[in-house]
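Quick notes on the structure that follows.
The values are calculated or read from the model by the stated rules, or taken from the named source; none is laboratory data. Quantities reported herein were computed from a predicted structural model and do not represent experimental measurements. Note that we place each Cβ from the backbone using ideal geometry, even for glycine, and neighbour counts take in every protein chain shown.
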Amino acid sequence: MVFSGAFSFNYTSQHHQSSGQADYVQFSGNSVTMTEKGISTTRTKNAVGELVKVSDPSGEAVYHYRADGQLSDIMASGNSRS
């Protein structure tokens, strides 16, 4: 799934696979948490809709932007930058 823009509401959706597995999408403020096959990933956007953080069981990545809105760097778990 692809989401764009900022979110400002709370909502949870549940989808059952034919295997019986339940997947969830939860919207909360500016965050969307997707749980697929038991693994949750949270994406958080700022007030202007820029992705600022992605978290999952392996860690998180924090996105930083310049004043002109261009992505300047991404700080991953363990303080590595790209």
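For the range 49-61, the candidate set comprises residues that are in contact with a strand residue (DSSP E or B) (Cβ under 9 Å, 6 or more places away or on another chain) and assigned to a loop (DSSP other than H, G, I, E, B); within that set, the residue that is nearest to Ser19 (Cα to Cα) is Pro57. Of the listed requirements (1) modelled with pLDDT of 90 or more; (2) part of a loop (DSSP other than H, G, I, E, B); (3) among the hydrophobic types (A, V, I, L, M, F, W, C), Met1 misses just one: (1). Which pairs have Cβ atoms under 7 Å, sit 6 or more apart or on different chains, and link a residue in the range 32-50 that is more than 17 Å from Asp73 (Cα to Cα) to one that is assigned to a strand (DSSP E or B) and aromatic (Phe, Trp, Tyr)? As it stands, the answer is Thr35/Tyr24, since those pairs meet every condition given. For Gly20, the conditions (1) at positive phi; (2) modelled with pLDDT of 80 or more all hold with the exception of (2).
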